[in-house]
Amino acid sequence: MIVVTGATGNVGRTLVGLVASSGEDVVAVSRRSPEPPLPQGVRHQSADLAEPDGLLPVFDGADALFLLTAGRDPRAVLDAAEAGGVRRVVLLSSQGAGTRPHQYPHPAAFERAVRDHGLPWTVLRPGGFHSNAFAWVRSIREQHTVAAPFGDVALPTVDPVDIAEVAAAALLDHGHEERTYVLTGPEPTTPRERAEAIGDVLGVPLRFVEQTREQARARMTAFMPEPVVDATLAILGDPLPEERRVSGDVARLLGRPARSFADWAERNAAIFR
């Protein structure tokens, strides 16, 4: 049995379906009930990683765990998982945990806990998600406009479906233990180019408005902690060479190229209409 935390998120929901279709029993864990419903046969458990004491029933009889960097006590979560029978952990971390650990202390702390605990582990370090463009839905629908900072800074964002497929491979197949994978898309793209790609699939030209760093920070602090906002803006505006680099891990693990942003836009066009 495989436990998937964050089962209603961009990665988790796809991962639940992939693991279930393999024939494995799946427990989908989230704080809220899933909507739309999860695949038939998948058991849902409401739980919060911030409350490790409540996780013991979730892990009972489990073999493997897909773990988000949520909550503040990863060691307690891992102890509960091991007590329930878990023998392998796949952690969804962040590229920033490797490139800027001082600015991404939370995922970096989870990585340390997973490596030090003793259970076989795999760490996934995705860069920015293609799906971050969902933040533009309202302005595209209402004004045919995209506003973003650093319009011409290119980064190789990654498709959440690719992350889910890599996670499924790490959970279902052996040979990924004690490995850290950096997950990116197939090429760097700029915010301006991503806006153009969405406009192309909609058949509507979108106006791009470049925000200042201060404007972007004011918007992002409405729903993100300030340290996370500052770390994110540092990557978006002044990425390190490693953060600009395309990783071959997705292609190597899945045996096909990583999905492009244009492909993601095509699949998700209806959401922007």
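Take HIS174: with every protein chain present and a 1.4 Å probe, its accessible area is about 150 Å². Each Cα pair under 8 Å and six or more residues apart adds its sequence gap; the mean of these over the residue count of the chain is a relative contact order of 18 percent.
Quick check: convex hull over the Cα atoms of region 1-126, volume per residue in Å³, rounded to an integer? Display every interim value, and only then the final one.
Working: hull volume 12.1 nm³, N = 126.
Convex hull of Cα atoms, per residue: 96 Å³.
Over region 157-198, the fraction of Cα-Cα pairs per 5 Å bin, rounded to whole percents and listed from the shortest bin up, is 5, 19, 22, 18, 14, 8, 7, 5, 0. Exposure check, 1.4 Å probe, all protein chains in place: ASP263 carries approximately 60 Å² of accessible surface.
For the pair ARG87 and THR190, the difference between a 0.36 nm per residue extended length and the Cα-Cα distance amounts to 33.0 nm. Taking the convex hull of the alpha carbon positions in the chain and averaging its projected area over all directions gives 13.8 nm².
Taking max minus min of the alpha-carbon positions on each principal axis, region 43-102 gives extents of 36, 21, 21 Å, largest first. Overall, the accessible surface of the chain at a probe of 1.4 angstrom is composed of carbon and sulfur to the extent of 50 percent. Rg and Dmax of region 76-166, both derived from C-alpha coordinates alone, stand at 17.3, 53 Å.
Among the trypsin sites (Lys or Arg not before Pro) in region 84-130, those located in a DSSP loop and surrounded by at most 15 other Cβ atoms within 10 Å of their own Cβ are ARG87.
At 222 nm, what helix-only mean residue ellipticity would the chain give, in deg cm²/dmol to the nearest 500, using -39500 (n - 2.57) for each DSSP H run of four or more?
Values: 14 runs with 115 residues, N = 273.
For the chain, the value works out to -11500 deg cm²/dmol.
In what sequence, largest accessible area first, do ILE235, ILE2 appear using a 1.4 Å probe? Provide the component values of the computation, followed by the final result.
Values: ILE235 30, ILE2 5 Å².
Most to least solvent-accessible, the answer reads ILE235, ILE2.
Pairs of alpha carbons in region 23-70 separated by more than 12 Å make up 66% of all such pairs. Give me log10 I(q)/I(0) at q = 0.25 Å⁻¹ for region 127-205, Debye formula, one equal scatterer per alpha-carbon, no solvent. Log10 I(q)/I(0), no solvent term: -1.20. Extension gain for the segment GLU226 to ALA135, taken as residue separation times 0.36 nm less the Cα-Cα distance, is 31.0 nm to one decimal. Among the GluC sites (Glu not before Pro) found in region 171-273, those both in a DSSP coil and sparsely packed, with 13 or fewer other Cβ atoms within 10 Å of their Cβ, are GLU177, GLU178.
Which of the three applies to region 162-273, rounded, prolate or oblate, going by the alpha-carbon gyration tensor with a ≥ b ≥ c and a/c under 1.5 meaning rounded?
oblate
The values are calculated or read from the model by the stated rules, or taken from the named source; none is laboratory data. Worth saying up front: this structure is predicted, and the values here are computed from it rather than measured. Ideal geometry is used to build each Cβ from the backbone, glycine not excepted, and the neighbour counts take in all protein chains shown. To get the accessible areas, we keep the full protein, side chains included, count just its heavy atoms, and leave off ligands, DNA and RNA. Shrake-Rupley method; radii C 1.70, N 1.55, O 1.52, S 1.80 Å.
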